[in-house]
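**Student:** I have a structure I would like to understand better, so I am pasting it below and will then ask my questions one at a time.
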Amino acid sequence: GQVVYSIAEGAERGASVGNVAKDLGINAAALSARKFRMITGSSKQYFNINATTGALSVSEPIDREQLCELKSTCLLNYELVLENPLELYRMEFKVLDVNDNSPSFPLSEYHVSVPEFLSPGARFALPNAQDLDEGTNSVQNYTLNPDEHFHLEMQTRGDGSMYPELVLKKTLDREQQATHRLVLTAKDGGDPPRSGDVPVIVTVLDTNDNAPEFEQSVYRASILENSPSGTLVVQVHATDLDEGPNGEITYSFSNATASDLQQMFLIHPHTGEVTVSGDLVVQRPLLEMLIEARDKGAFALSSTAKLLVEITDVNNHGPEITIASLSNPIPEDAVPGTVIALLNIMDKDPGENGKVTCQIPDNLPFQLKPSLEYYYSLVTSGLLDRELISGYNITITATDLGSPPITTQRTLWVQISDVNDNPPVFAADTFDVFVEENNPLGAFLYQVSASDLDIGENGQISYILRNSTVAGSALASFLSVSLVNGSIYAKRAFDFEQLRSFHFQVEAKDNGSPALSAAMTVNVYISDQNDNAPAILYPIVQNGSVAVEVVPRLADEDYLVTKVVADDEDNAENAWLSYHLAHSSDSTLFRLAPHSGELRTTRSLRSTDLLKHKVVVVVRDHGEPPLSSTVTVGILLADTLPQALPDFDDNGEQPPLLNATNIYLIVSLSCVSFIFTVFLLFLAIARL
């Protein structure tokens, strides 16, 4: 009998796994009498059985990464032996991975040298993080801290693995900033996720203009696992178009290559020969290393190539893969079943060693179908999308049935050609643009930008304004748009007081056949400038005349003389008005409210006050710079409205109230009153 249990790594001592007696149908009470015992080839006893109940529990926490290293499936095999009668049961424990390891980088800090003459779009390989966990608990994505000069993109190698690349998005200037400090963060897919980061120091260089180039981007080699030290694995070769030290190349392993692989292999710095330098103690048949070629210029340039080393046993001949026919590229709208290549696969070995099985990776939209003897057809098995994957490295693996078997691989690069199946796409459906009024003709307003996942003519975008009207006029009389880059310019000066906002649509159209298009809406908001001075609405004056207000001769304190009313066609603070006295013939007699414009007396009027006064009121807005208007108000102290208004064009000075004429009138009135009083007294005495 056999039973299979699953247990998560790191389970605590005493954690329940199952019940052996119940699962195997054994009497739990008889376990002790039958002298049960557990046998395993492991150095530790990870599990324990209760002799009374048959309960199976954890006796030693399990570290999956330490126990099984990089194996995809981690199994522990135990045998349960019972006597009287002798019985043997097999127990298999599947250790499940938990996210208990964070991604880590081989080095504590990475340095990248970037020449300043490189244009945006230049790419630089970044190190891969390592995570001992498996599946989704391993490294899933990378992020880079925000930086105006760099961003991060993920790339796919020929074998389908992902790696991060540092992409230059803005031209560097070493004289402005010689070093950029970035932080590369690797995140796994566990719950909760773990992450690890490493500083990336980018040094901006001035130097040479040609980096070494490898003859191949991917080198493949196969060696015996018992190969002695010094065995040649492969010789890589790179060329550099520069001369002198700038063209002299040295080879080394990239910092992204695992440290244990750098101990197993040695690369000659001048010849590029990769040889075995230690025991090939590995548990995976395919080793991946990155080789760096660097020149000796003052500001060295480098490039990398991938080296895939297959560790295999032996056999006289391996399968030979010959490409008899290849159609490349293929359109992305190719239907499933389209034939791409015809392959001839043979093995020179006789018998079982000459029989070959052939396959390609399952995660590709292709499949191999047997054709004639020794021939296979490579056909599409699913829909293709160039915008998702522009090409496929199809690794064809041929394996003979020898003992041990020999495997041969050949990679076909199948490029996917583009069809116009993607319309242009704007980053947003709408965008708000703010422009000040009185803008110059031809002023730049905004640059719309659309992207098209297609390439070539299918991805070239032109921009036009859709027909519409603004305030009764054609949109074309207001704006123009660059056909090439989408820059929008003003063809006239805007006036906030006449037009405060409008909207229009910009259409992006590709050059495919048939052409595809998309549109976005742009809202234009015109902001105000202080271009209008306050207008005096009251008191009303014409041709610079003086507005006259009549005030009672003996008016009380805080008497409202008049209220200055003004308006400003501008908006917001440009229309916030304040009132000020610029001039007053008697500064102690009148005051002006700065916000309401009310002109009032500061005290009660006296008989000694002048009969006419003149004040000048300034109305000022709060724009930058502020604009103002003035009005002159003449104030006449009288109890009734005179038939003719006096002239206020002089400086407002009047003769004193007690002049000679006034004194004469007062004396005359007093004499008349005295005589009348005496007459009345005389009449009274006469009657008595």
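**Student:** Among the residues of the stretch 105-156, write down those that are over 20 Å from the mean Cα position of the chain (by Cα), polar (S, T, N, Q) and at pLDDT 85 or above.
**Tutor:** SER108, SER113, SER119, ASN128
**Student:** Given the criterion on the phi > 0 side of the Ramachandran plot and outside any strand (DSSP E or B), identify the matching residue among GLY318, GLY402, GLY337.
**Tutor:** Going through GLY318, GLY402, GLY337 in turn, the sole match is GLY337.
Quick grid of which residues meet (1) out of contact with any Phe, Trp or Tyr (no Cβ under 6 Å at 6 or more places or on another chain); (2) at pLDDT below 90:
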{"site": "LYS355", "(1), (2)": "yes, yes"}
{"site": "ASN363", "(1), (2)": "yes, yes"}
{"site": "GLN367", "(1), (2)": "yes, no"}
{"site": "ASP385", "(1), (2)": "yes, yes"}
{"site": "LEU401", "(1), (2)": "yes, yes"}
{"site": "PRO404", "(1), (2)": "yes, yes"}
{"site": "GLN415", "(1), (2)": "yes, no"}
{"site": "THR430", "(1), (2)": "yes, no"}
{"site": "GLU437", "(1), (2)": "no, yes"}
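**Student:** What single numbered condition from (1) part of a loop (DSSP other than H, G, I, E, B); (2) open to solvent by less than 30 Å² (accessible area, probe 1.4 Å) fails to hold for ARG13?
**Tutor:** (2)
**Student:** If you don't mind, another one. Among the residues of the stretch 520-568, what is the count of those that are under 53 Å from the mean Cα position of the chain (by Cα) and either open to solvent by less than 40 Å² (accessible area, probe 1.4 Å) or under 27 Å from TYR446 (Cβ atoms) (or both)?
**Tutor:** The total comes to 16.
**Student:** Quick check on this structure: which one of LEU581, LEU537 is in contact (Cβ under 8 Å) with a residue 12 or more places away in the chain and out of contact with any Lys or Arg (no Cβ under 8 Å at 6 or more places or on another chain)?
**Tutor:** LEU537
**Student:** Please give the strands (runs of 3 or more DSSP E) falling wholly within the stretch 224-292 in which 2 or more residues are assigned by the TED database to the domain that holds THR304 and open to solvent by 50 Å² or more (accessible area, probe 1.4 Å).
**Tutor:** Ranges flagged: 232-235.
**Student:** Could you tell me which of the residues ASN363, ASN328 is farther than 23 Å from ASN458 by Cα, within 45 Å of the chain's Cα centre (by Cα), loosely packed, with under 14 Cβ neighbours inside 10 Å and polar (S, T, N, Q)?
**Tutor:** Among ASN363, ASN328, only ASN363 is farther than 23 Å from ASN458 by Cα, within 45 Å of the chain's Cα centre (by Cα), loosely packed, with under 14 Cβ neighbours inside 10 Å and polar (S, T, N, Q).
**Student:** Which is open to solvent by 60 Å² or more (accessible area, probe 1.4 Å), in contact with a strand residue (DSSP E or B) (Cβ under 9 Å, 6 or more places away or on another chain) and under 30 Å from ASP173 (Cα atoms), of ARG123, ARG90?
**Tutor:** Matching residue, one of ARG123, ARG90: ARG123.
**Student:** Going by what's in this entry, would ASP558 be described as charged (D, E, K, R) and within 30 Å of PHE496 (Cβ to Cβ)?
**Tutor:** When the stated conditions are applied, ASP558 does not pass them.
**Student:** Testing ARG386 on (1) assigned to a loop (DSSP other than H, G, I, E, B); (2) farther than 30 Å from PRO423 by Cα; (3) among the basic types (Lys, Arg), one condition comes back false. Which one is that?
**Tutor:** (2)
**Student:** A further question follows. Based on this model, can you work out whether ILE464 counts as closer than 30 Å to GLU573 by Cβ and β-branched (Val, Ile, Thr)?
**Tutor:** For ILE464, the condition - closer than 30 Å to GLU573 by Cβ and β-branched (Val, Ile, Thr) - is not met.
**Student:** Can you run down the residue pairs with Cβ atoms below 6 Å, 6 or more apart or on separate chains, where the first is in the stretch 62-75 and within 15 Å of ASP100 (Cα to Cα) and the partner is of a type in the set (A, V, I, L, M) and at pLDDT 70 or above?
**Tutor:** Close Cβ pairs satisfying both conditions: ILE62/VAL95; ARG64/VAL95; GLU65/LEU132.
**Student:** Report, by residue number, each residue of the stretch 394-434 that is more than 30 Å from TYR489 (Cα to Cα) and hydrophobic (A, V, I, L, M, F, W, C).
**Tutor:** Those that are more than 30 Å from TYR489 (Cα to Cα) and hydrophobic (A, V, I, L, M, F, W, C): ILE394, ILE396, ALA398, LEU401, ILE406, LEU412, TRP413, VAL414, ILE416, VAL419.
**Student:** Something else: When you scan the stretch 457-495, how many residues do you find that are within 26 Å of the chain's Cα centre (by Cα) and open to solvent by 40 Å² or more (accessible area, probe 1.4 Å)?
**Tutor:** Counting residues in the stretch 457-495 that are within 26 Å of the chain's Cα centre (by Cα) and open to solvent by 40 Å² or more (accessible area, probe 1.4 Å) gives 3.
**Student:** Identify, from the list TYR376, TYR392, the residue that is assigned by the TED database to the domain that holds ILE345, in contact with a Cys (Cβ under 8 Å, 6 or more places away or on another chain) and hydroxyl-bearing (Ser, Thr, Tyr).
**Tutor:** TYR376
**Student:** Follow-up. May I ask you to list the residues in the stretch 420-445 that are over 22 Å from ASN530 (Cα atoms), open to solvent by 40 Å² or more (accessible area, probe 1.4 Å) and outside any strand (DSSP E or B)?
**Tutor:** Within the stretch 420-445, ASP421, PRO423, ALA427, ALA428, ASP429 qualify.
**Student:** Cβ contacts < 6 Å: first residue crowded, with 16+ Cβ neighbours inside 10 Å, restricted to the stretch 102-114; second residue assigned to a loop (DSSP other than H, G, I, E, B) and of a type in the set (D, E, K, R), any location; separation 6+ or different chain. Result?
**Tutor:** SER102/ARG194; PRO103/ASP131
**Student:** Tell me which residues, restricted to the stretch 366-383, are over 44 Å from the mean Cα position of the chain (by Cα) and part of a loop (DSSP other than H, G, I, E, B).
**Tutor:** SER371, LEU372, GLU373, TYR374
**Student:** Then there's this: Scanning for something among the acidic types (Asp, Glu) and assigned to a helix (DSSP H, G or I), does the stretch 20-38 turn up at least one residue?
**Tutor:** Yes: one or more hits.
**Student:** Can you list the strands (runs of 3 or more DSSP E) lying wholly within the stretch 470-557 that have 1 or more residues being over 30 Å from THR601 (Cα atoms)?
**Tutor:** Fully inside the stretch 470-557 and qualifying: 479-481, 487-490, 501-510, 517-527.
**Student:** Given the residues SER517, SER513, which is the only one that is outside the structural domain of ASP609 (by the TED database), modelled with pLDDT of 85 or more, surrounded by fewer than 13 Cβ atoms within 10 Å (Cβ to Cβ) and closer than 30 Å to ASP333 by Cα?
**Tutor:** Just one listed residue meets the conditions, SER513.
**Student:** OK, next. What are the residues in the stretch 139-153 that are open to solvent by less than 30 Å² (accessible area, probe 1.4 Å) and either acidic (Asp, Glu) or assigned to a loop (DSSP other than H, G, I, E, B) (or both), if any?
**Tutor:** Selection gives HIS149 alone.
**Student:** If you don't mind, there's one more thing I want to ask. Mind telling me which of the residues LEU637, LEU680 ends up being more than 60 Å from the chain's Cα centre (by Cα), open to solvent by less than 40 Å² (accessible area, probe 1.4 Å) and at pLDDT 70 or above?
**Tutor:** Matching residue, one of LEU637, LEU680: LEU637.
**Student:** Moving on. The conditions are (1) surrounded by fewer than 19 Cβ atoms within 10 Å (Cβ to Cβ); (2) of a type in the set (Lys, Arg); (3) touching a Gly at 6+ places or on another chain (Cβ under 8 Å), and LYS612 fails exactly one of them. Which is it?
**Tutor:** Just one mismatch for LYS612, condition (1).
**Student:** Restricting to the stretch 64-78, what's the tally of residues that are surrounded by 13 or more Cβ atoms within 10 Å (Cβ to Cβ), more than 13 Å from TYR5 (Cα to Cα) and not charged (D, E, K, R)?
**Tutor:** Count: 2.
**Student:** Exactly one of these conditions fails for LEU372: (1) crowded, with 17+ Cβ neighbours inside 10 Å; (2) over 17 Å from VAL335 (Cα atoms). Give me its number.
**Tutor:** (1)
**Student:** Here is a follow-up. Would you pick out the residues in the stretch 520-533 that are touching a Lys or Arg at 6+ places or on another chain (Cβ under 8 Å) and either at pLDDT 90 or above or under 28 Å from ASP452 (Cα atoms) (or both)?
**Tutor:** Of everything in the stretch 520-533, just one residue is touching a Lys or Arg at 6+ places or on another chain (Cβ under 8 Å) and either at pLDDT 90 or above or under 28 Å from ASP452 (Cα atoms) (or both), namely TYR525.
The values are calculated or read from the model by the stated rules, or taken from the named source; none is laboratory data. Please read all numbers here as calculations on a predicted model, not as lab measurements. All Cβ positions, glycine included, derive from the backbone under ideal geometry; neighbour counts span all protein chains shown. Keep in mind that these areas ignore ligands, DNA and RNA; they rest on the heavy atoms of the full protein, side chains included. Shrake-Rupley method; radii C 1.70, N 1.55, O 1.52, S 1.80 Å.
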